[in-house]
1. First measure r as the distance between the Cβ atoms of residue 191 and residue 149, then evaluate 1/(1 + (r/R0)^6) with R0 = 35 Å and state the FRET efficiency to the nearest 0.05.
2. What ranking of 129, 151 emerges when the number of other C-beta atoms within 10 Å of each C-beta is taken as an exposure proxy, fewest first?
3. Per 0.36 nm of contour for each residue apart, how much would the distance between residue 27 and residue 105 grow if the chain were fully extended, relative to their Cα-Cα spacing?
4. Report the paramagnetic label zone for residue 8: residues of region 23-41 whose backbone N is under 18 Å from a point 7 Å from Cα along the Cα-to-Cβ axis.
5. Pull out the extension gain between residue 44 and residue 16, defined as 0.36 nm times the separation in residues minus the alpha carbon to alpha carbon distance; nm, one decimal.
6. How big, on average over all directions, is the shadow cast by the Cα convex hull of region 1-45, in nm²?
């Protein structure tokens, strides 16, 4: 059963996903999307705080109320599609400084005076890397002294190219803008049950379940 709950804390709408708390930034009912941001992400005096929780598409399954993926649906006006843009952000910590062009130093964006005061032998160097869906992280990107500490996703606008504008401020601004999830599949399941793949959108972008034919029942029984 698909369920999800929104709550209010100090006039801020909150949703809990996988034991993590996220603030709701926007709900788009025509596109069936909700934009959320990690509750730990804050900006103060041009410095950012890191996300508290890891969440990527790997956390989501068919039984969840939300999805990252691209979906298509027949409508009374034709085919309706929605592509949720998902860009993985990978947090990396290293015992030694790295010089890979794919790694972006987080130091200019994080107020970490305690770490900067340590000797070079004790310091931890922190980086972020923009991932590509389906790509493999090369050992040359990480190095022997590095490890992945966290992975999150962002949903930048179509006009934003993070790969062309690599900077910690640009990346952290996107993290602070959050990411989008869709509840379209969940609504279709509630309306159509086992026939959710036949789910349609009507003229006012509401889900509807087409009538079930005898052939549909026979096909289901054969499966």
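1. 0.30
2. With the fewest neighbours first, 129, 151 line up as 151, 129.
3. Full extension from residue 27 to residue 105 adds 24.8 nm.
4. It comes to 23-27, nothing else.
5. Separation in residues times 0.36 nm, less the Cα-Cα distance, equals 7.7 nm.
6. Seen from a random direction, the Cα hull of region 1-45 projects 4.4 nm² on average.
Readers should treat all values here as calculations from the given coordinates under stated rules, not as data from a laboratory. Small disclaimer: the values here were computed from a predicted structure and weren't measured. Quick reminder, even Gly has a Cβ in these numbers, built from the backbone with ideal geometry, and neighbours come from all protein chains shown.
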